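The structure under discussion appears below in the form of structure tokens.
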Amino acid sequence: MIDLESARRLLDMGARIGPGPRADEQLQGSVALHNILCKERVAYLADEVGMGKTYVALGAVALFRHFDPAFRVLVIAPRENIQHKWQKEMRNFVANNVRIRDMRVKGIDGLPMRPLVHCNGLVDLVHTMTIAPDRDVFMRMTSFSLSLAGTQSVNPDVARSYRDQLLAYMPWLRSEVFDLRNKVEFKDNFARAVCCALPEFDLVIVDEAHNLKHGFGDAFHVSARNRVLALTMGHPAGDADPNLFRSYGSRAKRVLFLSATPVEETYRHLYNQLDVFGRAGPYRRLVSTDATEDEMKQLAARFLVRRVTSIHIAGKDYTKNLYRREWQRGGVATHDEPIHVTNVKQKLALALVQKKVAEILGNEKFNSSFQIGMLASFESFLQTAKVASSDGEATTFDDSEQTDEDQEKAGVDVADVNRLATSFREKFGVELPHPKMDALVEELSRAWKTGRKALVFVRRVASVTELKRKLDESYDRWLIARLRAELPEAVVPKLDRVYASYQMQRQESLAKREDQAKTRPDEATDRGGLDTFFAWFFRGEGPPNVLSGTQLRERLRGQGSTLATFFEDNYVALLLGCRAKDVEARVLAMLGVSREEFSAAIKDRTRKFLSSSAKRVAAGDRFEAVQAATIEWISEVSSPYQAKARAIWNARFETPNPMSPAKEGINPDDYLAVETFFTELRERPRLHDRLMPRVKRDDYAKEFREQELRRQLLASTARLGHAFIDFYILAIRRLGSIDLRVQESQGGENSKSTMVADYLDLLESQAGATGGRAWGAFDELSSIADNFELILDLNVPKVAALGLHESAANFGTLLGRQQPVGGMAEQINKTVVAQFRMPGYPFVLISTDLLQEGEDLHPFCSAVYHYGISWTPSSMEQRTGRIDRVRSATDRRLQPLTVEPRGDELLQVYLPHLEDTVEVFQVRRVLERMNDFLRLMHEGLTSSGNWSKRVNIADEAVRGRREVQQYREPLKTAFRIQPHHMNPEGTKRSIDTGRFDARLDYLRKLYARVRAAKPCDWEDVPNEQGLMGTAKVGQRIQPFKLHPTNFGDRIAVRCVSPIGSVGPEQRMSEIEAECAPRSIVVGALLRADGRTYDLTIEWEVLLSERMEVDCERIVWLIDLVVSQADDLEQRFLPDTDAPMSSFRKDLSSEGLDGRILEEPQR
């Protein structure tokens, strides 16, 4: 057990979200879960959506592991995207929220001490646990489905594949374990066998545990997934034959369930989830017919915690029902107004469809009733075809498990509406209009001018494509109108011809039913597409002989263009803190050389930064070479700028694989005086503070790195998204033509400098404009700057471990292939999801239930549209919860307010529907159930009604028209954290931070002693994280790194010295034969090419924590490792004596041992 104050010494829950009530709430949750798990061995965290359940759970893990370094964890996520998210959050949590580098939870390098392993299936899990069980393992629920073809029998080929893979790790399994004749028996025995291969997990975390609400039982009453999971975890009722499965038994010492919606209607759902892991026994009264609700509530409170989310605004706490605004009357333009149907054709279409739907439902088979959300006409009148869902099954709607009736799954009105749609199109030559869809498209189209993001959920799978197409067409109309209005008049005729060409190609593609987004996510080159004019003209191939957006972007990227340095920085000017035009004079004075001496030296120094094979050196390469050579020279000369120059050199210019020097260098000429967007931005302080806030760090290397990451992200945003439209218009206005040759015939550095000034003027004018201005480049760039840490944290957390060249490529990938509207139905597009978590495109994201769970879509979106309504309140809550989370756009907007928020400042929950249709019956039914669910989820835990997923039109007509008011009373939980959860009785564990601080101090002093004792060319790196240096071995050199590790509770120091890449001519057997006699570890990592190996020599010593002894042992360790490494280098790479620069990047990450990797390296 642990108390709150002890936990606070280890955990800082406010490190990312800021100190305050939310951070305190999360810490209390972690302590409560830890103590409940200690006592009950099962806990359920049912906090409302968006409260940070993942972090609360990770806090509990940290508390356990701090006292037990061998603590073994298995995380089970519902889907692969959430599986990856857990790994990302584990790294972020340890780096930011664990205060102490205790070598148990957090390593000295700030990363998790245990490697994080991503498992893709049950065999992969067995493999992982077989080779190295002391790692944190991340699985997904779908892996427990154990997909096999066939109904009762199995596909022999698939089953044999599973069997043979498992036998590779468990060859002692007997043949009768795998019965290919019976699908259920095969899955059961496979799961039992896997159980026998697993160690006991100290904690199993089940995310979105409500997916297990149907529990464990025979194969005819529960899903195969639940049953396989239960048997894999060693369910006590697993009926395992002890002769076949000798070590079968429980594999979960403790289980932590997470879900904001733990039940729908009854406590049985809660009981069932516990029972999957065999933990329901002590809580049988939850399903007892004679137990009172109070009794069941008290029983659940033993292991369940639920807190209410709120935002503190102007001295008052607003619970979610108070800071959300529901649009219950169905309108999307004005709150509390319905959608008004005024168009005659829309009225006619609506009447025809309603008449037909009434006839269908009047059939005795349906008894005037329908499944909620499963009438296609509620979403569209266009022809509906089945679409492959995420599990590969052809389906009309998401969540097809809502009904077992095939006609309802397909949509009972689909066939008749399809006939009407076809007839209307043949008669009038246009599509059958749908008032609800048209109103939604019109409202969402405002985003082109406002930049306001919207998340849209549909039920009908085909609605994703249809809504996206209509919005894309709306966007095209807006974009071409803007270009016509803002480009020079002389350009418009040619632009119109270009646009006409695009439209013709698009229509041909639509007629062929081709995918308009031509570029697949896995393609290296962006070919744009025909979904929007932006994709075709600003991203893709575009028209020939026209200065399209794509062509202009290429000039910003191409080293031969005068615009190549537009978004670069003049690093010498940055270092010296002067204007670009004054750089040369400042450098000459600092170095104490004449201009002639400087030019001659730079000409010689630049040779190694230029390719020996290049026939002509492009202007961008010349600028880069002169910058690199000058920074390198300054870093070698004692001056006030030396340390900073060395930091810039190491981070920005040093390369592990230098090019063969060119025969001729280049004169510096005017390359030191080059002005760029960022040099001139520094001369406009107010604008600079908005776009590039000044970074101040104690360590200049970290300060420069963050500054450079900001520059890279800002530059990528300006070149690749909505902001680029402003840049393009500005450029064409200057040129007066979109003829490609005009662009090529003009230019020069002066022209570029003028363009820089014009662009900065544009941004300043946008920043100073008040009211009436469309969302533009300044808004996107300033939003990036304001939320820089949040964007990196959520989208590219690993960028901190990358070199600057790699981070630039990562930003390019993150922001590439942007589209104004994103749509997902079959599988998750991770890039589109990440882009939605940033300002700019996509403004609208349309999805089925694919994004219902686990994805964070909240940073810049405060509006969710339930276009297709779900039949369960929990699903509706999960969907809204995607944008209602800690650090959401709503949260950040409301918290600073000093007055009561206006309606448009709240989080908007839209429920689009048409009041004069039968759709209103299902919406009101769901609204009533949501209110009841909302109230009772906090007053108790169960719903009071036996709610049906069907709507009976006759019954609803009898009940009459009624308004459903949003529940406006503050919410209060019935499952608070109890005082004994915070201050448990009995022995309490304490955390001695001084002990770990003393160890870090000892390491720093020890490294300083080693540096003094061992003559080497030492690198400047933080001492506590390790030492890098280059040792002399005779006349040769050998780089190495020392880094701390642990052996149980003791500190060890490992020395690693790289040898290099050994080609395929040396077989692995030859390497093994050479290394076998050596009493040392030889690392051989297979490279991505699958043919060559990176070889290292490694060894370690255990510290006694006696300074003199440990210093001598480490010096001996260095000598041993580098001599062995040099010997092998001469054996396998006889003509090589590689310097530190060849290995610095790899050595910098040495010691991470897979702890920043998402998947195991094998």
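Can you confirm whether Ser782 is out of contact with any Asp or Glu (no Cβ under 9 Å at 6 or more places or on another chain), among the small types (Gly, Ala, Ser), in a helix (DSSP H, G or I) and free of Cβ contacts under 8 Å to residues at least 12 places away in the same chain? Here the answer is no, as Ser782 does not meet what is asked.
For the stretch 16-25, filtering for residues that are part of a helix (DSSP H, G or I) and under 23 Å from the mean Cα position of the chain (by Cα) leaves 4. Inspection of the stretch 788-807 identifies no residue that is modelled with pLDDT of 95 or more, in contact with a helix residue (DSSP H, G or I) (Cβ under 6 Å, 6 or more places away or on another chain) and either closer than 27 Å to Gly529 by Cβ or surrounded by 21 or more Cβ atoms within 10 Å (Cβ to Cβ) (or both). If we keep just the residues of the stretch 471-494 that are of a type outside the set (A, V, I, L, M, F, W, C) and within 28 Å of the chain's Cα centre (by Cα), which is farthest from Arg734 (Cα to Cα)? Going through the qualifying residues, I end up with Asp472.
Conditions (1) in contact (Cβ under 8 Å) with a residue 40 or more places away in the chain; (2) part of a loop (DSSP other than H, G, I, E, B); (3) buried (at least 22 other Cβ atoms within 10 Å of the Cβ); (4) among the β-branched types (Val, Ile, Thr), marked per residue:
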site: Met170; (1), (2), (3), (4): yes, yes, no, no
site: Glu176; (1), (2), (3), (4): yes, no, no, no
site: Pro199; (1), (2), (3), (4): yes, yes, no, no
site: Ile205; (1), (2), (3), (4): yes, no, yes, yes
site: Phe216; (1), (2), (3), (4): yes, yes, yes, no
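Show the residue pairs that are 6+ apart or on different chains and have beta-carbon atoms under 6 Å apart, the first residue being within the stretch 687-715 and closer than 16 Å to Val799 by Cβ, the second being assigned to a loop (DSSP other than H, G, I, E, B) and among the aromatic types (Phe, Trp, Tyr). Matching pairs, first to second residue: Ala715/Phe567. The conditions of being farther than 28 Å from Phe216 by Cβ, under 33 Å from the mean Cα position of the chain (by Cα) and modelled with pLDDT under 90 are met by Leu111.
If you go through the stretch 1094-1117 and pick out every residue that is of a type in the set (Phe, Trp, Tyr) and either in contact with a Leu (Cβ under 8 Å, 6 or more places away or on another chain) or not assigned by TED's automatic domain parsing to the domain that holds Gly1063 (or both), you end up with 1. Looking at the structure I just gave you, is Met103 on the phi > 0 side of the Ramachandran plot, buried (at least 17 other Cβ atoms within 10 Å of the Cβ) and touching a residue at least 12 places away in the same chain (Cβ under 8 Å)? Answer is yes for this residue. Here Met90 does not fit the description of being buried (at least 21 other Cβ atoms within 10 Å of the Cβ) and over 19 Å from the mean Cα position of the chain (by Cα).
If only residues of the stretch 785-806 that are of a type in the set (A, V, I, L, M) and part of a loop (DSSP other than H, G, I, E, B) are counted, the one that is nearest to the chain's Cα centre (by Cα) is Val796.
The criterion of being surrounded by 17 or more Cβ atoms within 10 Å (Cβ to Cβ), touching a strand residue (DSSP E or B) at 6+ places or on another chain (Cβ under 8 Å), at pLDDT below 85 and part of a helix (DSSP H, G or I) holds for Ile1071.
Of the residues making up the stretch 700-727, those that are of a type in the set (Val, Ile, Thr) and buried (at least 20 other Cβ atoms within 10 Å of the Cβ) number 1.
Yes/no per residue for (1) surrounded by fewer than 21 Cβ atoms within 10 Å (Cβ to Cβ); (2) more than 19 Å from Gly803 (Cβ to Cβ):
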position	(1), (2)
Lys603	yes, yes
Lys608	yes, no
Ser612	yes, yes
Arg622	no, yes
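Applying the criterion of at least 1 residues that are more than 21 Å from Val464 (Cα to Cα) and at pLDDT 60 or above to the helices (runs of 4 or more DSSP H) found wholly in the stretch 341-432 leaves 344-361, 414-428.
Here Leu740 meets each of (1) over 23 Å from Asp569 (Cα atoms); (2) touching a Pro at 6+ places or on another chain (Cβ under 7 Å) with one exception, condition (2).
One residue is enough: does the stretch 1037-1053 have a residue meeting the conditions part of a loop (DSSP other than H, G, I, E, B) and within 29 Å of Arg114 (Cβ to Cβ)? Within the stretch 1037-1053, one or more residues are part of a loop (DSSP other than H, G, I, E, B) and within 29 Å of Arg114 (Cβ to Cβ).
Where helices (runs of 4 or more DSSP H) fall entirely within the stretch 633-743, those with at least 3 residues that are polar (S, T, N, Q) and under 32 Å from the mean Cα position of the chain (by Cα) are at 700-720. Of the residues Asp241, Asp294, the single one that is farther than 17 Å from His210 by Cβ, part of a loop (DSSP other than H, G, I, E, B) and either not assigned by TED's automatic domain parsing to the domain that holds Leu146 or not hydrophobic (A, V, I, L, M, F, W, C) (or both) is Asp241.
Take Val308 and tell me if it is in contact with an Asp or Glu (Cβ under 8 Å, 6 or more places away or on another chain) and among the hydrophobic types (A, V, I, L, M, F, W, C). Answer is yes for this residue. Residues of the stretch 883-903 that are touching a Ser or Thr at 6+ places or on another chain (Cβ under 6 Å) and at pLDDT below 95: none at all. Would you point out the residue of the stretch 297-335, among those that are in contact with a Pro (Cβ under 6 Å, 6 or more places away or on another chain) and not in a strand (DSSP E or B), that is surrounded by the fewest Cβ atoms within 10 Å (Cβ to Cβ)? This residue is Arg329. Here the condition is being modelled with pLDDT under 95, closer than 25 Å to Thr465 by Cβ, part of a helix (DSSP H, G or I) and not assigned by TED's automatic domain parsing to the domain that holds Leu375; of Arg929, Arg879, Arg935, Arg925, it holds for Arg879 alone. Has the stretch 261-284 got at least one residue that is over 14 Å from Val42 (Cβ atoms) and either part of a strand (DSSP E or B) or without any contact (Cβ under 8 Å) to a residue 12 or more places away in the chain (or both)? No; the residues of the stretch 261-284 include none that is over 14 Å from Val42 (Cβ atoms) and either part of a strand (DSSP E or B) or without any contact (Cβ under 8 Å) to a residue 12 or more places away in the chain (or both). Pairs linking a residue in the stretch 1068-1084 that is in the same structural domain as Trp1116 (by TED's automatic domain parsing) to a residue that is of a type in the set (Phe, Trp, Tyr) and modelled with pLDDT of 80 or more, with Cβ atoms under 8 Å and 6 or more positions apart or on different chains, are Ile1071/Phe1132; Glu1074/Phe1132; Ile1080/Trp1099; Val1081/Trp1099.
The values are calculated or read from the model by the stated rules, or taken from the named source; none is laboratory data. The model shown is predicted, which means the values in this text are computed figures rather than measured ones. Cβ sites come from the backbone with ideal geometry, for glycine too, and all protein chains shown count toward neighbours.
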